[in-house]
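A short worksheet on the structure shown next.
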Amino acid sequence: MNRVLVTLPLAFVASAFFVTASITPAHASDGACAAMPANIRSVAEKGDAATAKKALKLVRTGELLCDAGNERAAKKKFEGAYKTLGVAEEEYAQLAK
């Protein structure tokens, strides 16, 4: 009986910890969803209209993915927008910080 009284509360604490740890990253927001769209828009303003239109379409898709909680896929869209605009990977890595 003593084992049950000790083990049961520890099991609840451990399970609560793992549930919390698994839920938190889905709702946590990295800088990608906050900073990258604005940076891409500022770069797009300086480029030609056709390229900017393609990049802004990728940005809009990325923002929708951010709203859905899929930041990883959104970041890929944002990186695609940078590539469309001709920004080097090192440059947009610096812009995303």
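Among the residues of region 46-68, write down those that are at pLDDT below 90 and touching a helix residue (DSSP H, G or I) at 6+ places or on another chain (Cβ under 8 Å).
Listed by number, the list holds a single entry, G47.
Quick check on region 74-95. Is at least one of its residues on the phi > 0 side of the Ramachandran plot, surrounded by 12 or more Cβ atoms within 10 Å (Cβ to Cβ) and in a loop (DSSP other than H, G, I, E, B)?
No, because not a single residue in region 74-95 is on the phi > 0 side of the Ramachandran plot, surrounded by 12 or more Cβ atoms within 10 Å (Cβ to Cβ) and in a loop (DSSP other than H, G, I, E, B).
Of everything in region 40-60 that's within 20 Å of the chain's Cα centre (by Cα) and among the small types (G, A, S), which residue is surrounded by the fewest Cβ atoms within 10 Å (Cβ to Cβ)?
Step by step, filter region 40-60, then rank; the result is S42.
Filter region 19-39 for residues that are surrounded by 10 or more Cβ atoms within 10 Å (Cβ to Cβ), modelled with pLDDT under 70 and assigned to a helix (DSSP H, G or I) and give the result.
V19, I23, P25
Filter region 59-95 down to residues that are touching a residue at least 24 places away in the same chain (Cβ under 8 Å) and of a type outside the set (A, V, I, L, M), then give me how many there are.
11
Among the residues that make up region 84-96, is at least one of them within 12 Å of A38 (Cα to Cα) and modelled with pLDDT of 90 or more?
no
The values are calculated or read from the model by the stated rules, or taken from the named source; none is laboratory data. None of these values were measured; they are calculated from a predicted model. Glycine gets a Cβ as well: all are built from the backbone with ideal geometry, and neighbour counts include every protein chain shown.
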